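Note sheet for the following structure.
The values are calculated or read from the model by the stated rules, or taken from the named source; none is laboratory data. Note that the coordinates shown come from a computational prediction; the quantities given were computed from them, not determined experimentally. For neighbour counting, all protein chains shown are included, and Cβ atoms are generated from backbone atoms with ideal geometry for every residue, glycine included.
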Amino acid sequence: MEENQIIAMPRIGDPAPEFRAVTTQGEINFPSGYKGSWAILFSHPADFTPVCTSEFMTFASLEAKFEEANCKLVGLSVDGLYSHIAWLRTIKEKIEYKGMKDVEVKFPLIEDITMEVAKKYGMMMPGESSTKAVRAVFFVDPKGIIRAIIYYPLSLGRNFDELYRALIAMQTADAFSIATPADWQPGDDVIVPPAGSCGSAKDRMEGKEEMKCYDWFFCTKKISKETVLEKILKK
Ligand code: BEZ
């Protein structure tokens, strides 16, 4: 790949670009090796840096929760494999942060020294850094389609509760053919029907007490937290 070659960044709704990579957990094929699961592919600027360390400890501590929601985590930076291994070992052996200690990062961390994957996914942002990937997050669904993309600058650590909320919200939207309003959490009212087909919501509201329409374009209904989680989470 030529330096400075401009590559179209994948967008929401696109198939996630395919790649094979060396990781701390062996070789992976992405997204083909993740079919049937959601996956979060996320980049970080560099190993042995404090914000990234806090992020990895937090994500690793939440891995079981994401796994329960059928979602696998895959990290990436443009550092090499031995740097990754040494950094993750240091995290486990030395870093205690916000009650987290002895944290083992079990999900794969991709080495991307050539920046091939980072460039393919638009994780390099020269205005921010020409040598480091920014903090990008790609949500890929079980069919290998990119469903959401979030970017953060180098100085800003991600909010992992929000990543989990976004994952559950997208899964809920798929499972119940609804949309989720601002700040939605499982158990909150959902929007019926999804944006773009609101006209039918009022028609379908007749006799459906659980649906509340404020106007033709804004109808909500209740789906209990238990109903959502029963459908989404692995038993
Ligand atoms: C950090 O993770 O602490 C960091 C990485 C690159 C630039 C600035 C901060």
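This table checks each residue for (1) out of contact with any Lys or Arg (no Cβ under 9 Å at 6 or more places or on another chain); (2) modelled with pLDDT under 95; (3) outside the structural domain of residue 136 (by TED's automatic domain parsing).
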site: 1; (1), (2), (3): no, yes, yes
site: 4; (1), (2), (3): yes, yes, yes
site: 10; (1), (2), (3): no, no, yes
site: 29; (1), (2), (3): no, no, no
site: 40; (1), (2), (3): no, no, no
site: 45; (1), (2), (3): no, no, no
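Looking at the stretch 126-150 only, could you name the residues that are within 16 Å of the ligand (Cβ to nearest atom) and under 18 Å from residue 56 (Cβ atoms)?
Result: 132, 133, 134, 135, 136, 137.
Looking at the structure I just gave you, is residue 132 farther than 18 Å from residue 12 by Cα, assigned to a strand (DSSP E or B) and not acidic (Asp, Glu)?
Spelling it out, residue 132 is indeed farther than 18 Å from residue 12 by Cα, assigned to a strand (DSSP E or B) and not acidic (Asp, Glu).
Take the conditions modelled with pLDDT under 95 and assigned by TED's automatic domain parsing to the domain that holds residue 35 and apply them to residue 77. Does it pass?
Here the answer is no, as residue 77 does not meet what is asked.
If I ask for residues that are within 22 Å of residue 147 (Cβ to Cβ), touching an Asp or Glu at 6+ places or on another chain (Cβ under 7 Å) and within 16 Å of the ligand (Cβ to nearest atom), which ones from the stretch 38-69 would you list?
Correct list: 44 only.
Kindly indicate whether any position in the stretch 21-29 is outside any helix (DSSP H, G or I), hydroxyl-bearing (Ser, Thr, Tyr) and in contact with a helix residue (DSSP H, G or I) (Cβ under 7 Å, 6 or more places away or on another chain).
yes
Please find, among 35, 106, 72, the residue that is more than 16 Å from the ligand (Cβ to nearest atom), within 22 Å of the chain's Cα centre (by Cα), farther than 12 Å from residue 24 by Cβ and touching a residue at least 40 places away in the same chain (Cβ under 8 Å). I'd like the intermediate steps shown before the answer.
On the way: 106 fails: farther than 12 Å from residue 24 by Cβ; 72 fails: touching a residue at least 40 places away in the same chain (Cβ under 8 Å).
Criteria check complete, one pass: 35.
Note down all Cβ pairs under 7 Å where the first residue falls in the stretch 154-175 and is farther than 13 Å from residue 141 by Cα and modelled with pLDDT of 95 or more, the second is small (Gly, Ala, Ser) and within 16 Å of the ligand (Cβ to nearest atom), and they're at least six residues apart or on different chains.
Within 7 Å, the pairs are 154/129; 157/54.
Could you check the stretch 151-160 and list, in sequence order, the residues that are part of a loop (DSSP other than H, G, I, E, B) and more than 14 Å from the ligand (Cβ to nearest atom)? Steps first, answer last, please.
Within the stretch 151-160, the first condition is being part of a loop (DSSP other than H, G, I, E, B), and the residues that meet it are 153-159.
If the condition is that a residue be part of a loop (DSSP other than H, G, I, E, B) and more than 14 Å from the ligand (Cβ to nearest atom), then 159 is the only one that fits.
Exactly one condition in (1) under 30 Å from residue 233 (Cα atoms); (2) out of contact with any Leu (no Cβ under 9 Å at 6 or more places or on another chain) is false for residue 24; which is it?
Unmet for residue 24, out of (1) under 30 Å from residue 233 (Cα atoms); (2) out of contact with any Leu (no Cβ under 9 Å at 6 or more places or on another chain): (2).
Take the residues of the stretch 161-187 that are buried (at least 16 other Cβ atoms within 10 Å of the Cβ) and not aliphatic (A, V, I, L, M): which is farthest from the ligand (Cβ to nearest atom)?
176
Going by the structure shown, is residue 90 among the polar types (S, T, N, Q), in the same structural domain as residue 40 (by TED's automatic domain parsing) and within 16 Å of the ligand (Cβ to nearest atom)?
So residue 90 fits the description; yes.
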